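**Q** I'd like to ask some things about the structure below.
The values are calculated or read from the model by the stated rules, or taken from the named source; none is laboratory data. Fair warning: this is a prediction, and the values are worked out from it, not measured in the lab. Counting neighbours? That spans all protein chains shown, and the Cβs are built from the backbone with ideal geometry, glycine included. In case anyone asks, the SASA skips ligands and DNA or RNA and just uses the protein heavy atoms, side chains included. Shrake-Rupley method; radii C 1.70, N 1.55, O 1.52, S 1.80 Å.
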Amino acid sequence: MIPLLPTFRLSRPATLPEAFDLLADDGIAYVGGTELVAAMQLGLVSPAHLVDLKRIPALGGIRLEGEVLVIGSAVRHVEVADSELVRRSAPILARACAELGNARVRATGTVGGNLCFADPRSDVATALFALGARVRLRSADGERVLPIDEFVLGAMDVDLDEGELLDSVLVPVTVAPQVYLRHQPTEYPTIAVALVSDPEGLRVTVGAVGEIPQRFAAPSLDELDVEAILPELEVIEDLNGSESYKRHLVGVFVRRAAAELKESNDA
Amino acid sequence: MPEETYDETVVSTTVNGRRIKKRVENRLTLAEFLREKEGLRGTKVSCESQVCGACTVLVDDRPVSSCTVLAVEADEAEVTTIEGLETEAGLDPVQAAFADCTALQCGYCTPGFIMSTKALLATNPSPTREEIEHELEGNLCRCTGYLPIIEAVEQAAARLAGTYDPDAAHRPYAGHLKEDGEPFRYVGRSIERVDAGVKVTGRARYAIDTPFPDTTHAVAVRSDRAHATILGIDVKVALDVPGVVAVVTAEDLDGLYPRFGHMVPDHAIIAAGKVRYYGEPVALVVAETRHIARDAARLVEVRYEDLPAAMDAEAALAPAAPVIHEDAYSGEAVNQVAITRTEDEPNVANTMHLGWGDVDAAFAEADLVVETETFHPALYAYAMEPYNSSARFADGYLEVTSTAQHPFMVIKDLARVFDLPHSKVRVSVPYIGGGYGSKSYTKIEPLTAVAAWVTQRAVKLDLSIEESIYTTRADAARTRVRSAFRKDGRLLARDVDIVMDTGAYVDNSATVLSKAVARCFGPYSIPSLRVRGRLVYTNTVPASSYRALGAFQVNLAAETNMDQAAEQLGIDAADLRRINLVPRGERFIEGKRPMDTDLVDDFDQMMARVRVEPREGVLQAVGFGVGANEGGAYPTSTAQVKMSPDGSALVLSGSTEMGQGSRSILTQIAAEELGLDIAKVRVFQSDSAGTSFERTTGGSRTTTMTGLSVQRACRDIVQQLLAMAATVWECPVDDVRHVGDRIVHADGRSEEFGPLIKKWYGGGGGEITGRGTVRREGELQVQPSFWEIGMVAVAVDIDPETGVTKVDQLVTMADVGFAINPMGVEGQDVGAALQGIGGGLSEELVYEGAQLRNPNLVEYRVPHIGDAPRRWDSVIVERRDGTGPYGAKGGGEGARIPMGGAIASAVARATGVWPTELPLTPERVWRLIQEGEAARAEAAGGSAPEAD
Ligand SMILES: Cc1cc2nc3c(=O)[nH]c(=O)nc-3n(C[C@H](O)[C@H](O)[C@H](O)COP(=O)(O)OP(=O)(O)OC[C@H]3O[C@@H](n4cnc5c(N)ncnc54)[C@H](O)[C@@H]3O)c2cc1C
Ligand code: FES
Ligand code: FES
């Protein structure tokens, strides 16, 4: 009931190899702390050793590598939101990061922390699912690259091995028209909807209602059948709404997003 | 120094331009570091969950939640706190704008808001309202209703851009004249709050900021059951923790009176024998630091045997319900309401009846009978400063500092616990970070004091927000109203039944119930009335006062009932009010003050402002409601004014400043009465050892009752000065007069107060003291001292697809007789209204099993800045017809009374279905829309898809 922290060790490595050594010493990754410190204050976790990743340059920065936008895991939400590069090549990710949480969370929390914590209501995850992003994971043994949906597995559940870190997220650059809408009458979004329309068709991603973002496809915007999506959704009930209400809301916001997309296409 | 040890880190940082290099514990948050290690207590902590923004500071110009960010993050960075903004040139433009726009009341949120605004304007120098709302969404203010804050941000932007025009600022002023035809100099004017300066700079000190020297810290071990027998408490392991001073349990209270409660002394200081709700203190760990106390508290083992629990009033009233209090506590109570307990309803703490006329006959004759039943849920007042208190025994007397609204009432409880004379209990209250009634009467002071008694050390007990929620809430109420009407709309009778859930202890809920019983039929003329109210114990958080106590819970049923009747009678709902509102002078309750204002005129002025701004694709409707509250509480007040030989005045008042602006108002009154420059007046409040007695600070009474006692104390000073002048000048007293800041002789000689006092005493001069008392006599013989009128109207927009409801326009109506500070009146109104909007649309404490599902600010949704109405019209009616100074009446609660009902009626008009409970969350409204559509389709002979 009283959010005071237990004692812990803190290390602040400057390189990845150092970080891996420290993680092996009972360490856990720590970046903005907006989730980790909060969870420690609530007594939900009490790690003995926090390894701060903020001083590792390799985990920072936003850059283009060919046709791929690479966002370091320690990049903060504000940096994503303000980045011209992201706004141009992955607009809904910029928008998600500009809108989520509050000004302090955006200025402190990171993309990596958001994804690794894997809150079901994560806007970052929703946007990255919609964009078909991949994640690069690194450990002392090397690296692996996974599609985002093989990384985020469930509520608070990601495919991260012991001693492994999320290095960066890899977002294919696209000019596909896209829209991001969130519905948030309370502290976290009740629903987030992302639509991406590329030559292969329309991808509908629904976040915040289930344990992980859920994807649906339609041949094109005009052939989108919202009613067909709704029964397929997994929906978690909470104080923001019952299952049937949230299912209804998804229909509303998918339709609204589709209308917005159509408008931008026509414009 | 080694850079890294296991639990500390060397931090070299710059805080407000000052270089600091220190070894810092890793576990310290930045807020703890700034407040406790660096003494920068301007940064405030409230929600401790990154939601409220009270703790906002800048780290390298980025806003962060210092409640969660670790202190080590200051390393190699620049930290700016509220204390770092002021320069030699004066206030920062953002600080100046907040002070100027009265964008603060209690001031607890202010440092955080100012820091967030700094961050916002640094990146966006001319934000739109939408951008302001978006960037400040993470800063909560419970007092101001946000609109003055939005204005302040806009003004700050203008100041920075050099386009600020002070003459264009909003300064309501009615231009009242004194008896001599001259305008008042200070009262009736929208002057800047006298506490604005300390509050925008972070210098204001709250109880949380003022521990006694060398204090210990206490943390409570709390029950994790709703209702259980305590079999044993094992404190040994906790006691052995280094740094633990004591673990206090009920056993340690031998020789003390172990309970408190000003109405029924039913409240165990520490649970004894059994626990009655989840969250009840079972033991208190006292240690050298709060961290040690918290860690040790987890090691205290309590063994329980569960008892069946009654989690709501219905369960507690059921025939075989578990009995929550076996004792009737016939001990000494400091109450005004006679408490009744009966054998056949053992969980009913009190039953009250009110009525007159032949109700059954009236119903038999009625053309129309309308019945309405509503449920008003339990609420959390969320004063941003959590409950906290400090206590110590020194030289045989007890000293307590706390967040209490009524320090003099707390003294009575404490004196009884320790069997001390009142003179040996000192309770002092610095600035309070919001109260709204939730800090009235005794809360955690006895717990802190017994720990000080057991340990013979100073003890500080700071509750978290979660613990505060588990300390006091507002009563839930189920209300059934039946009304009998003649077809012309006249009310013939009302029959009301109220069941109020007071939780585990009564606290002030007997008053809450008595208010509910007297307020449930509205300020209407009713020939026949029958009201029964029952106050029911349950195994939930004890309930007590919250702004417009009792009234707002039952107004929901009473006013939606009027609106439903209007529909059925085919009479306009506004006209139905006009037909039935009590006319001036009518004694509508036997023995009480006749209606002291023109309700229909007030109502018309308000309704004239309501305007729906048409918008595509939304459901729109208007709702309004009226209420009247007994204002002023019991009319007892005392004040002293001391005048020094330099002619300055010190006003001593036992009332508290919790944001409502009492310090400013009392300063204005004293400066006006004495004719002194306002800079020479200081008001010192709420320290029982230094100020004079004040009954309570609540019931919207300070302006009227305390205002009167201060006015009388000032007049006493003037009389003394006149007599002194006559002595000094050796003339009859009739030859001298008080003009401005001096005493004037008929022959033209004059003397300022200071020199006069010096001459009269001789030597270096002395000091004179004026006394003012208010008691129940004369104009105040009939009670209440005034009727506090509550009227609001809203125009709402509803998204038909989501049910999201937004108050588009708010119209407040303040019938305050004379607005001593019109900006202050407006601030109180919009603040009260926004709390009402929260209650109407989003706030509700939800139990799941033994415990609350939402005991935090993440899930208990108070209004954020984006929930403030888009438009606000404020009507201030000043007929100078009140019993307070200059004809003033109190304000501050009125707008809270009818808000829930007004919103419910607007939603009903938009959806076609009458809601029966609050809050009207998006899902509830959406379901009403579905129900309405289904009903209309059925009426039209078709069938509509059903909501499930
Ligand atoms: C009040 C509030 C409101 C919020 N609202 C929203 C919202 O509306 N939408 C939304 O999407 N999010 C929201 N969030 C979540 C926010 O985005 C995350 O808290 C933030 O991004 C986490 O980043 P961090 O750097 O602070 O993570 P930390 O707290 O430092 O870490 C979080 C977890 O991730 C692990 N971790 C971090 N980085 C790595 C890495 N590189 N490799 C491996 N493991 C790692 C940590 O060990 C820890 O378990 C909200 C948070 C708060 C507090
Ligand atoms: S955000 Fe830090 S105390 Fe509320
Ligand atoms: S002034 Fe904002 S909370 Fe009191």
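One line per residue, one yes/no per condition, for (1) within 30 Å of A:GLU99 (Cα to Cα); (2) within 14 Å of chain A (Cβ to nearest Cβ):
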position	(1), (2)
B:ARG853	yes, yes
B:GLY866	yes, yes
B:ALA895	no, no
B:ALA904	no, no
B:VAL907	yes, no
B:GLU917	no, no
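**Q** Can I ask one more? Across the stretch B:614-647, what is the number of residues that are open to solvent by 30 Å² or more (accessible area, probe 1.4 Å), part of a loop (DSSP other than H, G, I, E, B) and touching a residue at least 60 places away in the same chain (Cβ under 8 Å)?
**A** Of the residues in the stretch B:614-647, 9 are open to solvent by 30 Å² or more (accessible area, probe 1.4 Å), part of a loop (DSSP other than H, G, I, E, B) and touching a residue at least 60 places away in the same chain (Cβ under 8 Å).
**Q** Another question, then. Would you say B:GLY894 is open to solvent by less than 30 Å² (accessible area, probe 1.4 Å) and touching a helix residue (DSSP H, G or I) at 6+ places or on another chain (Cβ under 8 Å)? Walk me through how you get there before you give the answer.
**A** Values: open to solvent by less than 30 Å² (accessible area, probe 1.4 Å): yes; touching a helix residue (DSSP H, G or I) at 6+ places or on another chain (Cβ under 8 Å): yes.
Answer is yes for this residue.
**Q** Just name the residue that is farthest from A:ARG121 (Cα to Cα) out of those in the stretch A:244-267 that are open to solvent by 70 Å² or more (accessible area, probe 1.4 Å) and either within 13 Å of chain B (Cβ to nearest Cβ) or aliphatic (A, V, I, L, M) (or both).
**A** The selected residue is A:ALA267.
**Q** Filter the stretch B:65-74 down to the residues that are more than 9 Å from ligand 2 (Cβ to nearest atom) and part of a strand (DSSP E or B) and list them by number.
**A** B:LEU70, the sole residue that qualifies.
**Q** Do you know which residues across the stretch B:129-145 are within 17 Å of B:VAL51 (Cβ to Cβ), more than 9 Å from ligand 3 (Cβ to nearest atom) and more than 10 Å from chain A (Cβ to nearest Cβ)?
**A** B:GLU133
**Q** Now for a separate question. Suppose the filter is open to solvent by 50 Å² or more (accessible area, probe 1.4 Å) and either touching a helix residue (DSSP H, G or I) at 6+ places or on another chain (Cβ under 9 Å) or over 30 Å from B:ALA315 (Cα atoms) (or both); does B:GLY261 pass it? Give the steps one after another, and end with the answer.
**A** On the way: open to solvent by 50 Å² or more (accessible area, probe 1.4 Å): no; either touching a helix residue (DSSP H, G or I) at 6+ places or on another chain (Cβ under 9 Å) or over 30 Å from B:ALA315 (Cα atoms) (or both): yes.
Against the criterion (open to solvent by 50 Å² or more (accessible area, probe 1.4 Å) and either touching a helix residue (DSSP H, G or I) at 6+ places or on another chain (Cβ under 9 Å) or over 30 Å from B:ALA315 (Cα atoms) (or both)), B:GLY261 does not qualify.
Results for (1) more than 14 Å from chain A (Cβ to nearest Cβ); (2) within 23 Å of B:THR538 (Cα to Cα); (3) in contact (Cβ under 8 Å) with a residue 24 or more places away in the chain, shown as yes or no for each residue.
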position	(1), (2), (3)
B:ALA449	yes, no, yes
B:THR455	yes, no, yes
B:VAL459	yes, no, yes
B:ASP462	no, no, yes
B:THR471	no, yes, yes
B:ALA477	yes, yes, yes
B:PHE485	yes, no, yes
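**Q** Let me ask another. So which residues in the stretch B:50-73 are farther than 19 Å from B:THR289 by Cα and within 16 Å of ligand 3 (Cβ to nearest atom), if there are any at all?
**A** Within the stretch B:50-73, B:VAL51, B:CYS52, B:GLY53, B:ALA54, B:CYS55, B:THR56 qualify.
**Q** Moving on. For the stretch A:155-190, name all the residues that are closer than 28 Å to A:ALA258 by Cβ and either assigned to a strand (DSSP E or B) or within 16 Å of ligand 3 (Cβ to nearest atom) (or both).
**A** A:VAL169, A:LEU170, A:VAL171, A:PRO172, A:GLN178, A:VAL179, A:TYR180, A:LEU181, A:ARG182, A:HIS183
**Q** Here's a follow-up. Can you confirm whether B:GLU938 is within 14 Å of another protein chain (Cβ to nearest Cβ), over 32 Å from the mean Cα position of the chain (by Cα) and open to solvent by 30 Å² or more (accessible area, probe 1.4 Å)? Don't jump to the end; show me each part of the working.
**A** Values: within 14 Å of another protein chain (Cβ to nearest Cβ): no; over 32 Å from the mean Cα position of the chain (by Cα): yes; open to solvent by 30 Å² or more (accessible area, probe 1.4 Å): yes.
Spelling it out, it is not the case that B:GLU938 is within 14 Å of another protein chain (Cβ to nearest Cβ), over 32 Å from the mean Cα position of the chain (by Cα) and open to solvent by 30 Å² or more (accessible area, probe 1.4 Å).
**Q** Ok, one more. Anything in the stretch B:759-798 that is surrounded by fewer than 21 Cβ atoms within 10 Å (Cβ to Cβ) and assigned to a helix (DSSP H, G or I)? List them, or say none.
**A** B:LYS759, B:TRP760, B:TYR761, B:GLY778, B:GLU779
**Q** Evaluate the stretch A:202-224: report whether one residue or more is in contact with a Pro (Cβ under 9 Å, 6 or more places away or on another chain), open to solvent by 60 Å² or more (accessible area, probe 1.4 Å) and part of a loop (DSSP other than H, G, I, E, B).
**A** Yes, the stretch A:202-224 has at least one match.
**Q** Still on this structure: Hey, among the residues in the stretch B:743-758 that are without any contact (Cβ under 8 Å) to a residue 40 or more places away in the chain and in a strand (DSSP E or B), which one's surrounded by the most Cβ atoms within 10 Å (Cβ to Cβ)?
**A** The selected residue is B:ILE743.
**Q** Looking at the stretch B:88-108, which of the residues that are open to solvent by 30 Å² or more (accessible area, probe 1.4 Å) and within 25 Å of B:GLU131 (Cβ to Cβ) is nearest to the other protein chains (Cβ to nearest Cβ)?
**A** Once the filter is applied, the top-ranked residue is B:PRO93.
**Q** Please go through the stretch B:70-87 and give me each residue that is crowded, with 24+ Cβ neighbours inside 10 Å and more than 9 Å from chain A (Cβ to nearest Cβ), ordered by number.
**A** Residues satisfying the conditions are B:ALA71, B:ALA74, B:VAL79, B:THR81, B:ILE82.
**Q** Of the conditions (1) touching a helix residue (DSSP H, G or I) at 6+ places or on another chain (Cβ under 9 Å); (2) within 14 Å of another protein chain (Cβ to nearest Cβ); (3) assigned to a helix (DSSP H, G or I), A:ILE229 clears all except one; give me its number.
**A** The one condition A:ILE229 does not meet is (2).
**Q** Within the stretch B:289-403, considering only strands (runs of 3 or more DSSP E) that don't extend past its boundaries, which have at least 3 residues that are of a type in the set (A, V, I, L, M, F, W, C) and in contact with a strand residue (DSSP E or B) (Cβ under 6 Å, 6 or more places away or on another chain)?
**A** B:348-356, B:368-376
Quick grid of which residues meet (1) surrounded by fewer than 24 Cβ atoms within 10 Å (Cβ to Cβ); (2) within 21 Å of the chain's Cα centre (by Cα); (3) away from ligand 1 (no atom under 16 Å from the Cβ); (4) among the aliphatic types (A, V, I, L, M):
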site: B:ASN124; (1), (2), (3), (4): yes, no, yes, no
site: B:THR128; (1), (2), (3), (4): yes, no, yes, no
site: B:GLU131; (1), (2), (3), (4): yes, no, yes, no
site: B:GLU137; (1), (2), (3), (4): yes, no, no, no
site: B:TYR146; (1), (2), (3), (4): no, yes, yes, no
site: B:ALA161; (1), (2), (3), (4): yes, no, yes, yes
site: B:HIS170; (1), (2), (3), (4): yes, no, yes, no
site: B:HIS176; (1), (2), (3), (4): yes, no, yes, no
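The rows are residues; the columns are (1) aliphatic (A, V, I, L, M); (2) outside the structural domain of A:SER197 (by TED's automatic domain parsing); (3) within 12 Å of ligand 1 (Cβ to nearest atom).
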position: A:VAL70; (1), (2), (3): yes, yes, no
position: A:VAL80; (1), (2), (3): yes, yes, yes
position: A:ARG88; (1), (2), (3): no, yes, no
position: A:ALA94; (1), (2), (3): yes, yes, no
position: A:THR110; (1), (2), (3): no, yes, yes
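**Q** While we're on this one: Those residues that are hydrophobic (A, V, I, L, M, F, W, C), within 16 Å of ligand 1 (Cβ to nearest atom) and either crowded, with 21+ Cβ neighbours inside 10 Å or in contact (Cβ under 8 Å) with a residue 40 or more places away in the chain (or both), I need them from the stretch B:17-69; list them, please.
**A** Result: B:LEU30, B:ALA31, B:VAL45, B:CYS47, B:VAL51, B:CYS52, B:ALA54, B:CYS55, B:VAL64, B:CYS67, B:VAL69.
**Q** I'd like the full set of residues that are surrounded by fewer than 24 Cβ atoms within 10 Å (Cβ to Cβ) and more than 14 Å from chain B (Cβ to nearest Cβ), limited to the stretch A:93-121.
**A** Those that are surrounded by fewer than 24 Cβ atoms within 10 Å (Cβ to Cβ) and more than 14 Å from chain B (Cβ to nearest Cβ): A:ALA94, A:LEU115, A:CYS116, A:ALA118, A:PRO120.
**Q** For the stretch B:109-120, give me each residue that is away from chain A (no Cβ under 12 Å) and in a helix (DSSP H, G or I).
**A** B:THR110, B:PRO111, B:ILE114
Conditions (1) within 23 Å of B:ALA161 (Cα to Cα); (2) within 15 Å of ligand 2 (Cβ to nearest atom), marked per residue:
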| site | (1), (2) |
| --- | --- |
| B:ARG23 | no, no |
| B:ASN26 | no, no |
| B:ARG35 | no, yes |
| B:GLU38 | no, no |
| B:SER49 | no, yes |
| B:VAL59 | no, yes |
| B:GLU76 | no, no |
| B:GLN95 | yes, no |
| B:ASP100 | yes, no |
